[in-house]
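Below: the structure, in structure tokens.
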Amino acid sequence: MAKRSIIITGGAGFIGSHVVRLFVNKYPEYNIINVDKLTYAGNLANLADVADKPNYRFVKMDICDFEGVLRLMQEERVDGVIHLAAESHVDRSIAEPFTFAQTNVMGTLSLLQAAKVCWESCAEGYSGKRFYHISTDEVYGALEFDNTLFTEQTSYNPHSPYSASKASSDHFVRAYHDTYGMPTIVTNCSNNYGPNQFPEKLIPLFISNIRQQKSLPVYGKGENVRDWLYVEDHARAIDTIFHNGRVAQTYNIGGSNEWRNIDLIKVIIKVVDRHLGNAEGHSLGLIEYVTDRLGHDARYAIDSSKLRNELGWEPSVQFEEGLDRTVRWYLENGAWLEDIISGNYQRRNNEYLEENKR
Ligand code: NAD
Ligand code: DAU
């Protein structure tokens, strides 16, 4: 497929920055446009290494700005959208659900409608076009502590405002295929970890807190289970599916790598202590059991056999290796963490925008 001009939304965030880097470096002939509002989760330092590449452009824009998005799509003759922009943190969705409905539901609808208007008005119509929506396994709800897995046939049963908003956006994407014939794809992925993840999520928060010898808040009894995938493996899956996935299909993406939170936390402590030169077990005393998250989903686990069998994707980074790389990255990039903790990264975002005004 000769895709030439692709909008990647949410490219200044965690997963989006890895997807942008992969596409900009792997496809120099593509025009990659990173559309991001730069909320608290957007950090242009995540993309410092590709910022000056000739096939990359950053546009600060809210995906809810339908007119702006439509203009940009027409201007850039966009033929592909890879949509990652979202409010992504479950705890924030419990505290401020409106932002989640606005960005995740209305923002996705705004992008879909802009793509529809843009593509329906060009000579080739939907031919050669693709709207790829990145979603989460959380839309399926929660599993028991058994051997069951989420498949592409599992019914939606979201519990948090975050997962409810993502479920709603998935339905809108499928509706645009079924109603207007837009060539859409949806993928539902398990928990990602790796460099550049905002330190509010479990793994980076705990690495950052151990580094500062601050307490480690374990929700409830720490018995909840998550299926962890290294972020670069997710980005590779997105590349494979964008190019070779079948239109109107859903693909589950997962690490087949389930960990009970408390077991994972003990491994994180061990690896961070080792890298900091602390005695084994030094930071175990930082663990603090705190009030559970409201509506805390017990277990997520993904069956990604459709993607593996149909498109030959496999996770390539073993968990021990991925966690070690991740811990090293955060410890070696203390300035990145410090800038977030102090809020300085937002000033740097503004400086970048000022310097690149045109
Ligand atoms: P993130 O919070 O790190 O980044 C989100 C990005 O979207 C930020 O750069 C932010 O500035 C941008 N954004 C937010 N609202 C916007 C708006 N209205 N307009 C334009 N840009 C906006 O998120 P992430 O963890 O990288 O997740 C990316 C996507 O992947 C999300 O759609 C999420 O639901 C999905 N996902 C995440 C995981 C995970 O483990 N992190 C797993 C599966 C799926
Ligand atoms: O499953 C995919 C989802 O994974 C993505 O769609 C979300 O965007 C992403 O944030 C993530 O959601 P989780 O809620 O699973 O991730 P989080 O890192 O917030 O929490 C992981 C587990 O750790 C969860 O069971 C809650 C627990 N936890 C989390 C934090 C932040 C704690 O015990 N203490 C904490 O301080």
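The values are calculated or read from the model by the stated rules, or taken from the named source; none is laboratory data. Predicted, not measured: the structure shown is a model, and the values here were computed from it. Here the Cβ positions follow ideal geometry from the backbone for every residue, glycine too, while neighbour counts run over all protein chains shown. Remember, those area values only see protein heavy atoms, side chains included, never the ligands or the DNA or RNA. Shrake-Rupley method; radii C 1.70, N 1.55, O 1.52, S 1.80 Å.
Fully extended, how many nm does the chain gain between Q213 and E320 (0.36 nm per residue separation, minus their Cα-Cα distance)?
Full extension of this stretch gives 36.2 nm more.
Measure nothing fancy, just the Cα-based angle from helix 261-276's long axis to the longest principal axis of the chain, in degrees from 0 to 90, nearest 10.
80 degrees
With a cap of 16 neighbouring Cβ atoms within 10 Å, and only residues DSSP puts in a loop, list the GluC sites (Glu not before Pro) found in the range 189-261.
In loop regions of the range 189-261 (DSSP not H, G, I, E or B), the sparsely surrounded GluC sites (Glu not before Pro) are E200, E223.
When only C-alpha pairs under 8 Å and at least 6 residues apart count, what is the relative contact order of the chain, in percent?
18 percent
Considering Cα pairs under 8 angstrom that are at least six residues apart, work out the relative contact order of the range 116-170 and quote it in whole percent.
Averaging sequence separation for qualifying contacts and normalising by length gives 32 percent for the range 116-170.
Per the 1.4 Å probe, what fraction of the accessible area of the range 41-195, in percent, lies on carbon and sulfur atoms?
51 percent
At 1.4 Å probe size, put M73, M61 in order of accessible surface, largest to smallest.
Greatest to least solvent exposure: M61, M73.
Specify whether the C-alpha gyration tensor of the range 34-91 places it in the rounded, prolate or oblate class, a ≥ b ≥ c being the square roots of the eigenvalues: rounded for a/c under 1.5, otherwise prolate if a/b is larger than b/c and oblate if not.
oblate
Note down the relative contact order for the range 165-243 as a percent, whole number, built from C-alpha pairs under 8 angstrom at least six residues apart.
Values: 41 pairs, mean separation 23.5, N = 79.
RCO, the range 165-243: 30 percent.
Over all alpha-carbon pairs of the range 226-285, lay out the pair-distance distribution in 5 Å bins, whole %, shortest bin first.
4, 15, 17, 14, 14, 11, 8, 7, 5, 4, 1
If you take every DSSP beta bridge whose two residues both sit in the chain, what share of them, in percent to the nearest 5, is antiparallel?
Counting only bridges with both partners in the chain, antiparallel ones make up about 10 percent.
Quantify, in whole percent, the carbon and sulfur part of the accessible surface of the range 258-337 (1.4 Å probe; protein heavy atoms only).
Ligands and nucleic acids excluded, carbon and sulfur reach 47 percent.
Work out the P(r) tail for the range 283-358: percent of alpha carbon pairs separated by more than 19 Å, whole number.
In whole percent, the share of Cα-Cα pairs in the range 283-358 beyond 19 Å is 72.
Ignoring ligands, DNA and RNA, what accessible area per residue does the chain give at 1.4 Å, in Å²?
It amounts to 42 Å² per residue over the chain.
Each label point is 7 Å from the Cα along the Cα-to-Cβ direction; what then is the distance between the points at R260 and E223, in nm?
0.8 nm
Holding the Cα-Cα limit at 23 Å, pick out from K53/K357; K26/K166; K116/K357 the pairs that are longer than that.
Pairs exceeding the cut-off: K26/K166; K116/K357.
Across bins of 10 angstrom width beginning at 0, how are the C-alpha pair distances of the range 2-147 distributed, in whole percent?
11, 40, 33, 13, 3, 0
What is the distance, in nm, between label points placed 7 Å from the Cα along the Cα-to-Cβ direction at H296 and at A248?
In this crude label model, H296 to A248 measures out at 4.2 nm.
Normalised by the empirical 2.2 N^0.38 Å for globular proteins, what value does the Cα Rg of the range 229-358 take?
Values: Rg = 19.4 Å, N = 130, 2.2 N^0.38 = 14.0 Å.
Relative to the rule-of-thumb radius for its length, the range 229-358 sits at 1.38.
Whole number please: convex hull volume per residue, Cα atoms of the chain, in Å³.
131 Å³
Ordering H282, H234, H275, H296 by accessible area with a probe of 1.4 Å, largest first, what comes out? Walk me through the numbers before you get to the answer.
On the way: H282 100, H234 5, H275 70, H296 35 Å².
Heavy-atom accessible area, descending, gives H282, H275, H296, H234.
Just to verify a number: what accessible area does C118 come out at with the full protein assembly present, 1.4 Å probe, Å² rounded to tens?
Result for C118: roughly 10 Å² accessible.
Rounded to the nearest 500, what is the chain's calculated 222 nm mean residue ellipticity when only DSSP H runs of at least 4 contribute -39500 (n - 2.57) each, over all residues?
-12500 deg cm²/dmol
Anyone know which of E152, E321, E120 comes out most mobile in the 10 Å Cα GNM of the chain?
E321
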